[in-house]
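See structure below.
The values are calculated or read from the model by the stated rules, or taken from the named source; none is laboratory data. Just so you know, these numbers come straight off a predicted model, no measurement behind them. Here the Cβ positions follow ideal geometry from the backbone for every residue, glycine too, while neighbour counts run over all protein chains shown. When the accessible area is computed, the model is the full protein with side chains, heavy atoms only, and any ligands, DNA or RNA have been set aside. Shrake-Rupley method; radii C 1.70, N 1.55, O 1.52, S 1.80 Å.
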Amino acid sequence: PGRTTDRDLIGELAEGLHKAGVRLILYMNLVGAFSPNDDSKQFVEKCCDVLEEIGHRYGRNLDGYWFDGWNGAYHRYPDVRQDLVFRACKAGNPDRITAFNFWELPVCTEWQEYWAGEVISPTPIPTSRYIGCGANRSLQAHFLIFLDAPWVHSKPNTEMESPRFPSEKLVDYVDQCAKRQAVVTINLGIYQDGIIGPKALEYMSAVRRRIRGS
């Protein structure tokens, strides 16, 4: 008490984005946020309490989650009831979609709707919307890459890192994935004031021109 903000920034973003026709997916990392003395039951109960609060608060203004580090949850709690966590994700919006990231390890749960896809760099173009083989079989195809900073621009008073590949490579990759209904998330480094690097802005403007035509 007394150490939380009076401003609901996520709520403002969710409402503003939905007015503009843009859907919102939240990144969260539940692993490590709770007491190391928790057993799997306590861990799941806390996850569900948090997710149900969030879900009912934002309702249909919140369209999805991308949960990081879920391989750590299975490592710590081999008997974790992910089905209960998954159901809690639907609070306030039964159409909300969820992915649990297992990093480079095989996905070992059926309780999600799309692949977290932390591939880092552009991969071979998928053949269809849904993954057809392997541990991710039948999940919505999704690929997470980073363009410039390695997830976070963490060096004070320095210029943003340079893009890791040519603009045309990124544009073609997103375009070809979109044509197959595969989703691409592009992580951009930000400065402390939330501004992205100028090169990243050029790249994303080129992506928009190709995909949206404007």
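The table that follows gives values for the structure above.
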| quantity | calculated |
| --- | --- |
| Test: residue in segment 185-208 that is at pLDDT 95 or above and closer than 30 Å to Asp83 by Cβ | yes |
| Filter result for the condition that a residue is touching a His at 6+ places or on another chain (Cβ under 7 Å) and in contact (Cβ under 8 Å) with a residue 12 or more places away in the chain, over Gly72, Gly92, Gly64 | Gly92 |
| Residue selected from segment 70-92 under the condition in a loop (DSSP other than H, G, I, E, B) and touching a Phe, Trp or Tyr at 6+ places or on another chain (Cβ under 8 Å), by the criterion farthest from Gly32 (Cα to Cα) | Gly92 |
| Test: Leu30 is buried (at least 16 other Cβ atoms within 10 Å of the Cβ), of a type in the set (A, V, I, L, M, F, W, C) and part of a loop (DSSP other than H, G, I, E, B) | yes |
| In segment 91-122, residue nearest to Arg23 (Cα to Cα) [restricted to those that are open to solvent by 70 Å² or more (accessible area, probe 1.4 Å) and modelled with pLDDT under 95] | Trp111 |
| Test: residue in segment 128-139 that is under 17 Å from the mean Cα position of the chain (by Cα) and closer than 28 Å to Gln112 by Cα | yes |
| Residue check, Ala178 among the hydrophobic types (A, V, I, L, M, F, W, C) and surrounded by fewer than 14 Cβ atoms within 10 Å (Cβ to Cβ) | no |
| Restricting segment 34-65 to residues that are among the aromatic types (Phe, Trp, Tyr) and part of a helix (DSSP H, G or I), the residue that is least open to solvent (accessible area, probe 1.4 Å) | Phe43 |
| Identity of the residue in segment 11-27, of a type in the set (A, V, I, L, M) and open to solvent by 70 Å² or more (accessible area, probe 1.4 Å), that ends up nearest to Val184 (Cα to Cα) | Ile25 |
| Check on Leu30, within 19 Å of Asn101 (Cβ to Cβ), in contact with a strand residue (DSSP E or B) (Cβ under 8 Å, 6 or more places away or on another chain) and at pLDDT 95 or above | no |
| Residue in segment 66-81 that is modelled with the highest pLDDT, counting only those that are open to solvent by less than 10 Å² (accessible area, probe 1.4 Å) and touching a strand residue (DSSP E or B) at 6+ places or on another chain (Cβ under 7 Å) | Phe67 |
